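The structure under discussion appears below in the form of structure tokens.
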Amino acid sequence: MTFLGYFVAIIVIFSLYKGYKIFLKFASNRDHSGKKGGLLEKAFLLFIISTIMISVNAMAFVLSYTFFWEKAYRTFDEPQYEATVVGYKKEITKFKNFSNSTYRDKAIFFPKVEYTDGNGEKVIKTIDITSDNPPALGQKLKITDKAGAENTNAIQLDWIMFAAGCIFTGFAAFFASLISTYTTSYPMKKRINWSFKLALLLILINISCIVFIYLKS
């Protein structure tokens, strides 16, 4: 299993633990108020709470790892090359907009690049990230890469997309913290204040990764 796999497993286990603790407190409050649900209702409630916890923690921390932390580490650890776009890898993903309640297939094109490594050998790999407007054929890109890596690490970033990613992961961290602190005895004002600080910290960490990648490129 890769490091990302272990990281995701830790996030899932932690989310399930917090979800269970939240469920116990919520169920206890309902029992004290005279509202007792059946076994099926409690199982459904536990499933919903656990799903929410896994989702918000994944959006905050797994996305931060994938799009910011790992890219910054690879930029630091791997040799840098100038590569040429020679083709595209097509992948199909599910897409849904707010005006349509059904999912549709959407094609995503990841650029394939060619470069000459330190041993003088030609290497062709797929870039780890793309956008709605992928680079054109023949375009030069700055990348980092090493033997054994599945994809190359693009260091010429879509700054608007990554700025939006910082804000998105920050919002997710805020709600993850706010929900997690439900099991504490802190008042709502203190929970909101703590959650805001955690969100701001994550945003600053991710921004630092972007600045580091920019300076190394």
Q: Scan region 116-140 for residues that are surrounded by 10 or more Cβ atoms within 10 Å (Cβ to Cβ), over 28 Å from Ile160 (Cα atoms) and not hydroxyl-bearing (Ser, Thr, Tyr) and jot them down.
A: Asp117, Val123
Q.
Among the residues that make up region 32-55, is at least one of them part of a strand (DSSP E or B), hydroxyl-bearing (Ser, Thr, Tyr), open to solvent by 30 Å² or more (accessible area, probe 1.4 Å) and modelled with pLDDT under 95?
A. no
Q. When you look at Val113, is it of a type in the set (Val, Ile, Thr), over 16 Å from the mean Cα position of the chain (by Cα) and either more than 13 Å from Ala83 (Cβ to Cβ) or loosely packed, with under 13 Cβ neighbours inside 10 Å (or both), yes or no?
A. no
(Q) Among the residues in region 192-202, are any in contact (Cβ under 8 Å) with a residue 60 or more places away in the chain and among the hydrophobic types (A, V, I, L, M, F, W, C)? (A) yes
Q) Which of the following residues is touching a Lys or Arg at 6+ places or on another chain (Cβ under 8 Å), over 30 Å from Val123 (Cα atoms), of a type in the set (A, V, I, L, M, F, W, C) and surrounded by fewer than 19 Cβ atoms within 10 Å (Cβ to Cβ): Leu204, Leu200, Leu178? A) Leu178
(Q) Can you find a residue that is within 26 Å of the chain's Cα centre (by Cα), within 28 Å of Phe61 (Cβ to Cβ), modelled with pLDDT of 90 or more and surrounded by fewer than 12 Cβ atoms within 10 Å (Cβ to Cβ) anywhere in region 12-19? (A) yes
Q: Run Ile160 past the list (1) under 17 Å from the mean Cα position of the chain (by Cα); (2) farther than 21 Å from Ser55 by Cα; (3) open to solvent by less than 80 Å² (accessible area, probe 1.4 Å) and report the number of the one that doesn't hold.
A: (3)
Q: Output the number of the condition that Ala154 fails; it satisfies all remaining conditions of (1) at negative phi; (2) open to solvent by 70 Å² or more (accessible area, probe 1.4 Å); (3) of a type outside the set (S, T, N, Q).
A: (2)
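The values are calculated or read from the model by the stated rules, or taken from the named source; none is laboratory data. Note that the structure is predicted; figures quoted are calculated from it, not measured. All Cβ positions, even for glycine, are placed from backbone atoms using ideal geometry, and neighbour counts span all protein chains on display. Remember, those area values only see protein heavy atoms, side chains included, never the ligands or the DNA or RNA. Shrake-Rupley method; radii C 1.70, N 1.55, O 1.52, S 1.80 Å.
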